[in-house]
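*Asks:* Structure provided below as structure tokens; questions to follow.
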């Protein structure tokens with residue numbers, strides 16, 4: 001079977017071309033988790049971002065981060081893998097993801113500035129359970145503090161990111177009913 005490879009170029013005034021992969025920016029996938037306290041029912045972990053952070057400065061969120069993609073926009077890691085890795089890196093906790101990730105359409109948007117300018121932000125969130133480790137932010141570049149908050153207290157905050165708020169609301173019945 002004959003296969004053809006087609007490259008699409010946009011000609012700039014100088015006659016230089018850009019390939020389609022240079023023109024189209026892949027979405028920025030984010031995977032955050034809601035981590036209940038291991039012994040105190042109804043409390044969830046919130047991390048506070050630094051005021052110097054380029055994304056969501058001074059906001060509180062569940063642990064997690066970007067899901068890596070390759071140059072062809074294919075996922076290099078799953079949201080589950082990304083959330084487990086980022087939680088360990090950000091705050092020293094070992095977790096397991098116990099639900100499927102839900103896409104947070106309320107915060108899907110085009111990023112307007114910074115290093116991800118022009119990319120579509122596609123956040124997702126899942127419920128996790130504590131496996132081990134201790135809360136330690138000393139290696140985090142983005143977060144300056146972390147603590148557990150009662151669900152109602154967390155939802156009353158005005159400094160909560162949208163994906164974390166949606167996740168807490170979605171998983172609140174499970175968090176209140178079970179010790180994960």
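*Asks:* Name the residue, out of 165, 170, that is on the phi < 0 side of the Ramachandran plot, surrounded by 14 or more Cβ atoms within 10 Å (Cβ to Cβ) and free of Cβ contacts under 8 Å to residues at least 12 places away in the same chain.
*Replies:* 165
*Asks:* Can you go through 113, 159, 107, 96 and tell me which one is under 17 Å from the mean Cα position of the chain (by Cα) and over 17 Å from residue 59 (Cα atoms)?
*Replies:* Sole residue among the options that is under 17 Å from the mean Cα position of the chain (by Cα) and over 17 Å from residue 59 (Cα atoms): 96.
*Asks:* Restricting to the stretch 111-128, count the residues that are surrounded by 13 or more Cβ atoms within 10 Å (Cβ to Cβ) and modelled with pLDDT under 95.
*Replies:* Of the residues in the stretch 111-128, 6 are surrounded by 13 or more Cβ atoms within 10 Å (Cβ to Cβ) and modelled with pLDDT under 95.
*Asks:* Answer yes or no: is there a residue in the stretch 28-39 that is closer than 24 Å to residue 134 by Cα, in contact (Cβ under 8 Å) with a residue 40 or more places away in the chain, surrounded by fewer than 17 Cβ atoms within 10 Å (Cβ to Cβ) and more than 13 Å from the chain's Cα centre (by Cα).
*Replies:* Yes, the stretch 28-39 contains a residue that is closer than 24 Å to residue 134 by Cα, in contact (Cβ under 8 Å) with a residue 40 or more places away in the chain, surrounded by fewer than 17 Cβ atoms within 10 Å (Cβ to Cβ) and more than 13 Å from the chain's Cα centre (by Cα).
*Asks:* Just the residues that are in a helix (DSSP H, G or I) and farther than 21 Å from residue 132 by Cα, please, taken from the stretch 84-107.
*Replies:* Selection gives 105, 106, 107.
*Asks:* Given (1) over 21 Å from residue 140 (Cβ atoms); (2) at pLDDT 95 or above; (3) surrounded by fewer than 16 Cβ atoms within 10 Å (Cβ to Cβ); (4) in contact with a helix residue (DSSP H, G or I) (Cβ under 8 Å, 6 or more places away or on another chain), where does residue 101 come up short, assuming only one miss?
*Replies:* In the conditions (1) over 21 Å from residue 140 (Cβ atoms); (2) at pLDDT 95 or above; (3) surrounded by fewer than 16 Cβ atoms within 10 Å (Cβ to Cβ); (4) in contact with a helix residue (DSSP H, G or I) (Cβ under 8 Å, 6 or more places away or on another chain), residue 101 misses (3) alone.
*Asks:* Would you mind telling me which numbered condition in (1) in contact with a helix residue (DSSP H, G or I) (Cβ under 8 Å, 6 or more places away or on another chain); (2) surrounded by fewer than 16 Cβ atoms within 10 Å (Cβ to Cβ); (3) in a strand (DSSP E or B) residue 136 fails?
*Replies:* Every condition holds for residue 136 apart from (3).
*Asks:* Filter the stretch 61-83 down to residues that are assigned to a helix (DSSP H, G or I) and touching a residue at least 40 places away in the same chain (Cβ under 8 Å), then give me how many there are.
*Replies:* Here the count works out to 4.
The values are calculated or read from the model by the stated rules, or taken from the named source; none is laboratory data. Here the structure is a predicted model, which means the values were calculated and not measured. Cβ atoms come from the backbone with ideal geometry, glycine included; neighbour counts cover every protein chain shown.
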